[in-house]
1. Which distance in nm do the two modelled labels at THR122 and SER31 give, with both placed 7 Å along the Cα-to-Cβ direction?
2. Nothing charged except the Cβ atoms of Lys and Arg (+1) and of Asp and Glu (-1): what's the magnitude of the dipole of the chain about its Cα centre? Round to the nearest 20 debye.
3. Please work out the FRET efficiency for the pair SER45 and THR115, using the Cβ-Cβ distance as r and a Förster radius of 35 Å; give the result to the nearest 0.05.
4. Determine the per residue accessible area of the chain with all protein chains present and a 1.4 angstrom probe, expressed in square angstrom.
5. Give a residue-ordered list of calculated ³J(HN,Hα) values for the range 95-100 (Karplus: 6.51 cos²θ - 1.76 cosθ + 1.60, θ = phi - 60°; whole Hz; x for Gly, Pro).
6. Computing the accessible area with a 1.4 Å probe over protein heavy atoms, can you report the carbon and sulfur percentage for the chain?
7. When the dipole is taken about the Cα centre of the range 24-106, and only Lys, Arg (+1) and Asp, Glu (-1) are charged at their Cβ, what size is it in debye, to the nearest 20?
8. Hey, rough spin-label estimate for GLN7 and SER107, points 7 angstrom out along Cα→Cβ, what's it come to in nanometres?
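The values are calculated or read from the model by the stated rules, or taken from the named source; none is laboratory data. All values derive from a computational prediction rather than experimental measurement. All Cβ positions, even for glycine, are placed from backbone atoms using ideal geometry, and neighbour counts span all protein chains on display. Each accessible area value is taken on the protein alone, full model and side chains, heavy atoms only, with ligands, DNA and RNA left out. Shrake-Rupley method; radii C 1.70, N 1.55, O 1.52, S 1.80 Å.
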Amino acid sequence: MAYQKLQAGRALAVIKNNSINIPNVGGPTVSGTTDGTTANKLVDSGAAFTSHLVGYIVYNTSDDTVARVTAVDSATQLTLSADIMATGENYTLYADDNPGCVLYAGSGGNIRVLTTGNDDVTFVGVAPGAFIPVQVKRVFASGTGPSDIVALW
């Protein structure tokens, strides 16, 4: 009898969003702490931001919010798609090239995802502690109940 064997080497707490994918934790990252507050900006005077960061995903790891880099204003300031950063908050920038991950649901409920094949699917009644062995690139905020979802690669 065949069985599924799941062995993950990387993991990331998922921040649900209707338009931003789960980032690629295996790719290059940039991390730091903001030292300025400007609406829809990420300001870090110790950073060395470059133009290749446009399109990257920003995880605010202090309050679990997410946005996308829409412009590099300077080596120390990025423009974001949402106002998620304030002075003293930690962030990590990830590439938006997730090859697909499986999910772990810490609590139960419905989970709406976008698969790597671009299928919008809702898994109804996912049990607490269950794995979803489907290659996923986004967990939607709308249609998803659990907030303790972990992406695994």
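1. About 3.6 nm separates the two model spin labels.
2. 480 debye
3. Calculated value: 0.30.
4. Normalised by residue count, the accessible surface of the chain is 47 Å².
5. Residue by residue, the range 95-100 yields 6, 9, 9, 4, x, x Hz.
6. On the way: 3710 of 7240 Å².
The value for the chain is 51 percent carbon and sulfur by accessible area.
7. Numbers: 2 positive and 9 negative charges, 27 e Å.
So the magnitude is around 140 debye.
8. In this crude label model, GLN7 to SER107 measures out at 3.3 nm.
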